[in-house]
Amino acid sequence: MKQAEQAMKDADLLLLVIDLMEGATPVDKELIKKIIAQGFKEKIIFVGNKAETAKLKKYDNSIYRLGLGEPLFVSAASGSGTGDLLDKILKKLPNKKLSVSKIKEDYPIIKIVLLGKPNVGKSSLLNSILRENQVIVSDIPHTTREAHDTEFIYQDQKFIIIDTAGLRKKSKVQPNSLEKKSINKSLAALKQGDVAILVTEVNKKIDAQDKKITQEILESGKSVIIVANKWDLISDKETNTIKEYENYYRQTFPYLWWAPIIFISAKYHLRTRKLLDLAKEIKKAREIKISDSQLDKFLKQKIKQHQPSRGKGLKNPYIYKIIQDKTNPPHFIIYVNDPTILHFSYIRFLQNNLRKKFNIIGTPIQIELKKWKNKNI
Ligand SMILES: Nc1nc2c(ncn2[C@@H]2O[C@H](COP(=O)(O)OP(=O)(O)OP(=O)(O)O)[C@@H](O)[C@H]2O)c(=O)[nH]1
Ligand SMILES: [Mg+2]
């Protein structure tokens, strides 16, 4: 039913076909109620099928009580009435078409890339999000040979999810093999995405290969969500079990401390769609543009709270200004009297506070130090 509802939302036109001999079934009635309640009544062309047979016998008058008026009588078997139906469809469609293609053009798309070792459940996660068995899932590692895209709309937002082939340790992969090629494709897919989802198996230890993949993601500058899949395999869960696992993940990926961790079960559809909501927020964070005046105010506050400490050398560091010069991911320039003397921990301090203050979730924040010259004013 959920899928049907989404389809109703996306459709330009709904053909509601009633069997005139049977009348409206309880399922039909339920569906019609839903359609009307959701305001889709005007999308409907109401069709009564088996008109010929129904004319001979008497058809069920209850169809008039459905709130949809008189149906268009057709007979799918003999073809009668289908010409009228086509006219009606064409009449309803042209204006709609325009608005749809217009929406598509300037519709922001969120591109998510699923990455992880073989067999961790990347394709299952995609299936769970879509709730359709579109992608082949199996127990044999390397089920997915090629990265492939699935485009869909969820809560008025267009998404593309790229499911990739599992990434195995380099030393185990034959050079020039098919596998090597699919690994290259997975990494190429990463370049196209906004948000990388690192899929891991919560019932297994994080190993060097998982870490290697996070390195690739970090180098790409993409946003990240860490997924701990197969949560259903953890038995005897207690209230703090998630917290314990989360601590383990945090310790294992200290350099990704800013990435959200979500515990899911692709198999049982647990929290899988939550990832879409999160990706939406993250995409916003990736595209954030903070004005100079907001950053001036921020810098003043922070310096007041905590003076920049000295690194190497004898000079005291002095920060003139912070500006954001790029977005996707956000990139800032800190203008200082001497870029070599500002202590690393102070840059961290500013970075963390930028993240907190402007809610930059799941996204790397890039910072560059530059020497202040008067012409920068
Ligand atoms: N118990 C459990 N099993 C899962 C879950 N998600 C996936 N699996 C199983 O894990 C196996 C691998 O799933 P896939 O989705 O094919 O994994 P993949 O990461 O796409 O694998 P490759 O395409 O080979 O890289 C299958 O047997 C799935 O049924 C889960 O949440 N819980
Ligand atoms: Mg797969």
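The values are calculated or read from the model by the stated rules, or taken from the named source; none is laboratory data. A quick note: this is a predicted structure, and the numbers were derived from the prediction, not measured. Cβ sites come from the backbone with ideal geometry, for glycine too, and all protein chains shown count toward neighbours. Calculation scope for accessible area: heavy atoms of the full protein, side chains included, ligands and nucleic acids excluded. Shrake-Rupley method; radii C 1.70, N 1.55, O 1.52, S 1.80 Å.
Quick notes on this one:
- Residue that is farthest from ligand 1 (Cβ to nearest atom), among those in region 153-168 that are without any contact (Cβ under 8 Å) to a residue 60 or more places away in the chain and open to solvent by 30 Å² or more (accessible area, probe 1.4 Å): ASP156
- Total residues in region 337-358, condition open to solvent by less than 80 Å² (accessible area, probe 1.4 Å) and either in a helix (DSSP H, G or I) or modelled with pLDDT of 95 or more (or both): 11
- Positions within region 169-205 being within 21 Å of THR252 (Cβ to Cβ), in a loop (DSSP other than H, G, I, E, B) and open to solvent by 20 Å² or more (accessible area, probe 1.4 Å), in sequence order: LYS169, ASN203, LYS204, LYS205
- Members of region 258-300 that are touching a Ser or Thr at 6+ places or on another chain (Cβ under 7 Å), surrounded by 15 or more Cβ atoms within 10 Å (Cβ to Cβ) and farther than 18 Å from SER123 by Cβ: ILE282, ALA285, ARG286, ILE288
- One residue alone among ALA51, ALA24, ALA77 is surrounded by 18 or more Cβ atoms within 10 Å (Cβ to Cβ), over 30 Å from TYR154 (Cβ atoms) and more than 43 Å from the chain's Cα centre (by Cα), and that residue is ALA51.
- Residue match in region 216-231 (condition: within 16 Å of ILE112 (Cβ to Cβ), polar (S, T, N, Q), part of a strand (DSSP E or B) and more than 14 Å from ligand 2 (Cβ to nearest atom)): yes
- Residue satisfying all of: in region 132-152; at pLDDT 80 or above and surrounded by fewer than 17 Cβ atoms within 10 Å (Cβ to Cβ); nearest to ligand 1 (Cβ to nearest atom) among these: ASP149
- Evaluation of ILE160 against (1) in contact with a Pro (Cβ under 9 Å, 6 or more places away or on another chain); (2) of a type in the set (A, V, I, L, M); (3) closer than 25 Å to ILE361 by Cα (one fails), failing number: (1)
- Residue check for TYR255: free of Cβ contacts under 8 Å to residues at least 60 places away in the same chain, surrounded by 15 or more Cβ atoms within 10 Å (Cβ to Cβ) and part of a helix (DSSP H, G or I): no
- Residue within region 351-368 that is farther than 30 Å from ILE112 by Cα and not small (Gly, Ala, Ser) present: no
- Total residues in region 206-230, condition closer than 16 Å to ILE262 by Cβ, open to solvent by less than 10 Å² (accessible area, probe 1.4 Å) and either not acidic (Asp, Glu) or not assigned by TED's automatic domain parsing to the domain that holds GLU246 (or both): 9
- Test: residue in region 313-333 that is open to solvent by 30 Å² or more (accessible area, probe 1.4 Å) and part of a helix (DSSP H, G or I): no
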